[in-house]
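First up is the structure itself, then whatever we jot down about it.
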Amino acid sequence: MTGWAWTALALYGFWLLSAFGLRAVIQRRRTGDSGFRGLSGAPGSASWWAGVLFIVALLGAVAAPAAPLGGLPVLISDAPAVHGAGTAIAVLGIAATLIAQRAMGASWRVGVDPAERTALVREGPFAYVRNPIFTAMAITGLGLTLMVPNVLALVAFAALIIAVELQVRVVEEPYLTSMHAPAYVDYAATAGRFVPGIGRLRKGARDVAKQ
C-alpha cells in the first residue's frame with residue numbers, strides 16, 4: 001500500500017502544482033491577475049462553507065495518502081485492480097482539469113468577485129458541461145480515493161462534492177445569471193451542469209431567470 005500512497009501523493013502534488021500554481025503564473029502573465037478570489041460570503045453562509053469545505057478537501061487529499069505511511073489502515077487492501085483503476089481515473093481527472101482550464105482562458109478564476117465581469121465561456125468542453133473544471137476535480141478526487149481508500153480519503157472526497165455543489169448552485173450560477181442573462185440562461189438550457197445533458201435549466205426556470 002505504501003507504493004500506492006506515494007503514487008497518490010505524487011499525482012496530487014503534480015495536480016496542485018499544475019492546476020493552481022502554474023495556472024496562476026500563466027494567468028498573471030497574460031492578464032496581470034493571478035485569478036484567485038478567495039472565500040466569499042459572510043462566515044457561516046453557504047458560500048463561505050463552500051470555500052471552507054474546499055480547503056478541507058485539499059488538506060484531506062494530502063492527509064489521506066500520507067496516513068498509511070504512518071500506519072493508518074485502509075478500507076480496501078491488496079486490491080491492485082481497484083488501486084490501479086484509481087490511478088487511471090486520477091490521471092484522467094488531472095488531464096481533464098488542465099484541458100478545461102485552458103479552454104476557460106482569461107476567464108479562469110478561483111472564487112467569485114460579485115463586482116467583476118468576465119467573458120462567458122461556451123467553447124470546448126464548456127459547450128457540453130457548464131462546470132467541466134469541477135467535474136474534472138471530482139474525477140480526480142474519486143481516483144485518489146480509490147488509490148488509497150481510507151476514512152480520510154472518503155471525508156476529503158465528500159467535502160469536495162459538497163463544496164462543488166454549494167459553490168456552483170449558491171455562488172456561481174446566481175452570479176453568472178446576474179452578469180450574463182439572458183445569454184447564460186439560454187446557455188444553461190443546452191449544457192449540463194456537471195454531466196452532458198443532466199442539470200440543464202428547464203423552460204419554466206429560464207422564463208423566471210430572464211425576468
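All of the numbers you see were taken from the coordinates with simple rules; none came from a lab. What you are looking at is a predicted structure, and each value in this text was computed from that prediction instead of being measured. Here the Cβ is made from the backbone with ideal geometry for all residues, glycine too, and neighbour counts use every protein chain on show.
Here are some notes:
- Annotation: the residues Arg109, Arg23, Arg169, Arg202, sorted from fewest to most other C-beta atoms within 10 Å of their own C-beta, follow the order Arg202, Arg169, Arg109, Arg23.
- In this label model, Ala46 and Leu154 are separated by 2.7 nm, measuring between points 7 Å along each Cα→Cβ vector.
- In nm, spacing of pseudo-spin labels at Ser107 and Thr31 (7 Å Cα→C-beta vector): 1.1
- Counted by neighbouring Cβ atoms within 10 Å, the residues Tyr128, Tyr184, Tyr12 run from fewest to most as Tyr128, Tyr184, Tyr12.
- By the count of other C-beta atoms within 10 Å, a proxy for reagent exposure, Val52, Val112 are ordered fewest to most as Val52, Val112.
- For the pair Ala10 and Val62 in one chain, pulling the backbone fully straight at 0.36 nm per residue adds 17.7 nm over the alpha carbon distance.
- The range 3-29 versus the range 53-119: alpha-carbon centroid distance in Å: 9
- Mean Cβ count within 10 Å, highest first, over the residues of peptides 134-141, 39-46, 98-105: 134-141, 98-105, 39-46
- Value of Rg/Rh across the range 1-146 [Cα atoms, Kirkwood radius]: 1.01
- Note on the chain: with charges restricted to the Cβ of Lys and Arg (+1) and Asp and Glu (-1), its dipole about the Cα centre is near 580 debye.
- Along the axis of the charge dipole computed for the range 2-210 (Cβ charges of +1 for Lys and Arg, -1 for Asp and Glu, origin at the Cα centre), the listed residues Thr140, Gln101, Leu201 are led at the positive end by Leu201.
- At full extension, Ile55 and Met179 could sit 41.9 nm farther apart than now, given 0.36 nm per residue minus the alpha carbon distance.
- Kyte-Doolittle mean at least 0.5, axial Cα span of 30 Å or more - DSSP H helices of the chain: 46-69, 80-104
- Adding -39500 (n - 2.57) for every DSSP H run of four residues or longer, then dividing by how many residues the chain holds, sets the calculated 222 nm ellipticity at -19500 deg cm²/dmol.
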